[in-house]
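The structure appears right after this line, and notes come after that.
The values are calculated or read from the model by the stated rules, or taken from the named source; none is laboratory data. Keep in mind that this is a model prediction, so the values were computed, not measured. Reconstructed Cβ throughout: ideal geometry from the backbone, glycine too, with neighbour counts over all protein chains shown. For the accessible areas, the whole protein counts, side chains as well, though only heavy atoms, and no ligand, DNA or RNA atoms are used. Shrake-Rupley method; radii C 1.70, N 1.55, O 1.52, S 1.80 Å.
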Amino acid sequence: MTVRVGVIGLGLIGADHVARLRSRVAGADVVAVCDIDSSRAKAIGESVGALVLSTATELVRSDAIDAVVVTSATTAHAEAVLACITAKRPVFVEKPLAQTAQECLDIVSAEMAHGERLVQVGFMRRFDPGYAAIKASLDAGELGVPLLMHNIHRNRTAPTATSAGLIRESVIHEIDAIRWLLAQEIQSAQVALPRPSPHAPQGVRDPQLALFRTTGGVLVDVECFANSQYGYDVRCEVVGSTGTAAIDGHGDAIWTRVGSASRSVHRDWRSRFGPAYDRELQAWVDSVAAGEATGPSSWDGYAATRVAESTVSSLATERIVAIEMIERPALYA
Ligand code: NAI
């Protein structure tokens, strides 16, 4: 079966996912596209021979498609995902699931009313071999009891970044990785702020240090630095009672010369996580073909956005904020 995909939102990652679905993911074809920027939609749609539709609603309801990819701006996610659930369409939505925890809950409620999962959220770290190796090691008990986790999330430049956006759009990847790797919820969050980088946009607190405590007592730090100037650098280390597991973000190659060692630096998230995006969309297409949603769920999307919201509320005070979530519904057990 070839899954006929409609793509909503054709910006940076939307265009990437269109190319990915056409050339690197088996069993899928992009048959319809839409974007509020109609010239963009026309250019990309015509280049891949897909129907160019005017609105997300029209695309979701079209008989030409089997499933939907939502890569529009975050503000447009909730409406598109809810339309997909109403139309009973499997949907892959880029992170974050929606802009607010309440919008995420509306999606969880609609999916529960439908009775089965239709949504996969784009937390692609789960499909990265490095993160998957740490997960396997933790699950096999090779590190003993997890105690601490250190994370670094740096981008080269982010001229439009905001203080809250660093958490809502970037740290949210770590929030999901923490919950997934440790299989624990996050119970409190705190932000600590050093002096801003002179390269940060005016008034933006960049870098930031976020501290999380999980329900199992693991303490986690995340350094987020959106304007590091030198490159894209994502690292993670879990410290257990009998060992540690780590991935560094520099890349595979290390060069050593007399008196020095050097390694490559990724320019952006596309080169660092390209293979993870491929695997992520392949898993989604396979799950659509099998008729059973897998991967990060609406619940995961809700939990991550709920934690991000509480973390943002610590920005003003730098105090610890307790995180309150609803009970996990049985659909997401
Ligand atoms: P972008 O700004 O480059 O593209 C967004 C596109 O959505 C634009 O073409 C815009 O015209 C379109 N759009 C906005 N509202 C729309 C609507 N109502 N209907 C149809 N199209 C609409 O943004 P980018 O960087 O591509 O990000 C898109 C989403 O993907 C965001 O939610 C972002 O957080 C997420 N993202 C995820 C990444 C990951 O690592 N998983 C990496 C980059 C982005």
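Can you give the charge dipole size of region 205-328 about its Cα centre, rounded to the nearest 20 debye, using +1 on the beta carbon of Lys and Arg and -1 on the beta carbon of Asp and Glu? Walk me through the numbers before you get to the answer.
Values: 12 positive and 17 negative charges, 76 e Å.
Roughly 360 debye for region 205-328.
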Would you compute, from DSSP H runs of 4+ residues alone, the mean residue ellipticity of the chain at 222 nm, taking -39500 (n - 2.57) per run and dividing by the full residue count, rounded to the nearest 500?
-> -10500 deg cm²/dmol
Could you please state how large a percent of the accessible area of region 4-76 is carbon and sulfur, counting protein chains only and using a 1.4 Å probe?
-> 53
Approximate spin-label separation E46-R267, in nm, with each point projected 7 Å along Cα-to-Cβ | 2.8
For P194, the net charge from surrounding residues (Cβ-Cβ under 15 Å; K, R +1; D, E -1) works out to -1
Sorting L12, A303, T86 by the position of each Cα along the dipole of the chain (Lys, Arg +1; Asp, Glu -1; all at Cβ), the one nearest the positive end of that ordering is L12
Using unit Cβ charges (K, R positive; D, E negative) and no other charged atoms, how large, in debye to the nearest 20, is the dipole of the chain about its Cα centre?
-> 720
Restricting attention to region 67-132, which GluC sites (Glu not before Pro) occupy a DSSP loop and are surrounded by at most 16 other Cβ atoms within 10 Å?
-> E116
From the phi of every residue in region 195-211, what ³J(HN,Hα) in whole Hz does the Karplus formula 6.51 cos²θ - 1.76 cosθ + 1.60 yield, where θ is phi - 60° and glycine or proline is x?
-> 4, x, 5, x, 8, 6, x, 3, x, 8, 7, 9, x, 9, 10, 9, 10
Within region 138-235, GluC sites (Glu not before Pro) in DSSP loop having at most 14 other beta-carbon neighbours inside 10 Å | E142
Heads up, region 137-244 by the C-alpha gyration tensor (a ≥ b ≥ c square roots of eigenvalues; a/c under 1.5 rounded, else a/b over b/c prolate, else oblate) looks prolate
Residues with amide H under 5 Å from that of Q120, placed H, sequence gap 5 or more = V91, F92, V93
For region 125-265, with all protein chains present and a 1.4 Å probe, just round the carbon and sulfur fraction of the accessible area to a whole percent.
-> 55
For an R0 of 25 angstrom, estimate the FRET efficiency from the Cβ-Cβ distance between H150 and D37 and round to the nearest 0.05.
-> 0.05
Cα centroid distance between region 285-319 and region 55-121, in Å?
-> 14
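Quick check for you: with a 1.4 Å probe and neighbouring chains kept, what is the accessible area per residue of the chain, in Å²?
43
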Counting only DSSP loop positions in region 70-146, the trypsin sites (Lys or Arg not before Pro) whose Cβ has at most 15 other Cβ atoms within 10 Å are K88
In whole Hz, with x marking every Gly and Pro, tabulate ³J(HN,Hα) for region 276-283 from phi via Karplus 6.51 cos²θ - 1.76 cosθ + 1.60, θ = phi - 60°.
-> 5, 4, 4, 5, 4, 6, 5, 4
Cα centroid distance between region 15-45 and region 134-204, in Å?
-> 30
Once both labels are modelled 7 Å past Cα along the beta-carbon direction, what's the E58-A183 spacing in nm?
-> 4.8
